[in-house]
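Some notes on the structure that comes next.
The values are calculated or read from the model by the stated rules, or taken from the named source; none is laboratory data. Keep in mind the model is a prediction, meaning the values are calculated, not measured. Please note: Cβ atoms are built from the backbone with ideal geometry, for glycine as well, and neighbour counts cover all protein chains shown.
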Amino acid sequence: LRYKIEAKRKKRIQISVSISGSANTRLPAHGIFPLHVLLARSSKDAPGEGHSPMYRFSRACVLTSFCESGDSGHTEATFTIPNMKSLSISQVRSLDIILISRGQGGQNLSENCSENHAEYSSPQKLGGQCFWGKIPIDSLGSSLDCVTLSLGRTVELTSEISMNPGFIEVCSKVINAHVAYSDVLFHFFCVFDLQFDS
């Protein structure tokens, strides 16, 4: 009984990630879709300073069109995490949302999404040359400091993401993100909906 009461009182935060076409009018010619979105944790086995960062993830979601298309199955990535106030500082700081863009000629992939979505979702598709960026979970948490996030309420946050050219290596559920030191990078705005669940 005690376990059930504690579990019932445990709070979680649901994070939904989407991209708005109206907020991103200046995207690169190669486009940003398919865009893989991962909730990842910095690997304890990561090498020291000056080496490529490593992240462990449980699953990868893929976005293939802007949220205006109305197809939530292909325009939104959703993850659930414990209430950040219940996590230690080190636990929060090690969590990141990783975005990996494999742009294909600026096309909107929603037209043939039903056929290709499973293929794009494959973890093997994460590897190779790409543009990638990240946003730390604690930066989203700091944005909530002045907000009362009551049960069931959704707070929408918009954040600018810097995408750097690089190369991703994938081994099981670990990615090694190599950064290519180049001036060729781009930025876009990402929408985060945070909902406080029971």
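Of everything in segment 25-74 that's touching a His at 6+ places or on another chain (Cβ under 8 Å), surrounded by 16 or more Cβ atoms within 10 Å (Cβ to Cβ) and not in a strand (DSSP E or B), which residue is modelled with the lowest pLDDT? Applying the filter and picking the extreme gives HIS74.
Checking the structure you have, find out if any residue of segment 135-153 is of a type in the set (A, V, I, L, M, F, W, C) and either at pLDDT 90 or above or under 22 Å from LEU27 (Cα atoms) (or both).
Yes.
Any residue in segment 120-129 that is at pLDDT 85 or above, more than 20 Å from THR75 (Cβ to Cβ) and either of a type in the set (A, V, I, L, M, F, W, C) or not in a strand (DSSP E or B) (or both)? Taking every residue of segment 120-129 in turn, at least one turns out to be at pLDDT 85 or above, more than 20 Å from THR75 (Cβ to Cβ) and either of a type in the set (A, V, I, L, M, F, W, C) or not in a strand (DSSP E or B) (or both). Can you find a residue in segment 167-190 that is more than 15 Å from the chain's Cα centre (by Cα), among the polar types (S, T, N, Q), part of a strand (DSSP E or B) and modelled with pLDDT of 90 or more? Yes, segment 167-190 has at least one match.
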